Amino acid sequence: MESIVKKLSEIESAASAIVEHAEAQKEILDHEYREKRNRFDTDLETRTNQKILEIQHDLAEKTSALLKAQIGGRNDTIAALEKEYEERHTWYAQTILKRITEV
């Protein structure tokens, strides 16, 4: 009987040692995974911020180009209107005067 109790005690000690080792390994793995997750999060945040900056830069360039095109178009329209005025302002004045006096 004593040998059975001794054997059970040895088995229990071995099982306790295995559980302690497994818990220690679990702590180590938890720490490693936490570090990997933190590195991944930091890397992802860095890449995301970089992509946001690239998109903002591209948007600023496209907006600037669009504004320049609109300003150029506006200036062309103003120049065309001024040219037409210079060429036909007398006719416009005469037409307006004629309409006013015809009443």
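Each value in this text was obtained by applying a stated rule to the coordinates, not by laboratory testing. Note that the structure is a prediction, hence the values are computed from the model and not measured. Neighbour counts run over all protein chains shown; Cβ positions are idealised from the backbone, glycine included.
Brief remarks follow.
- Summing +1 for each Lys or Arg and -1 for each Asp or Glu among the other residues whose beta-carbon sits under 14 angstrom from that of residue 16 gives -4.
- Pairwise inverse Cα distances across the chain, averaged and inverted, put the Kirkwood hydrodynamic radius at 22.9 Å.
- Within a Gaussian network of the chain (alpha carbon springs, distance under 10 Å), most fluctuating of 11, 55, 71: 11
- DSSP-assigned coil residues among GluC sites (Glu not before Pro) in segment 26-103, each with at most 13 further Cβ atoms within 10 Å: 102
- Selected from 90, 46, 77 as most flexible by GNM, with the chain as the system and alpha-carbon contacts under 10 Å: 90
- Here the Gaussian network model covers the chain, with springs between Cα atoms less than 10 Å apart; of 57, 89, 31, 89 fluctuates the most.
- The helix-based estimate of mean residue ellipticity at 222 nm for the chain, built from -39,500 (n - 2.57) per DSSP H run of four or more residues and divided by its residue count, is -37500 deg cm²/dmol to the nearest 500.
- Local electrostatic count, residue 38, Cβ distance below 14 Å [Lys/Arg +1, Asp/Glu -1]: -2
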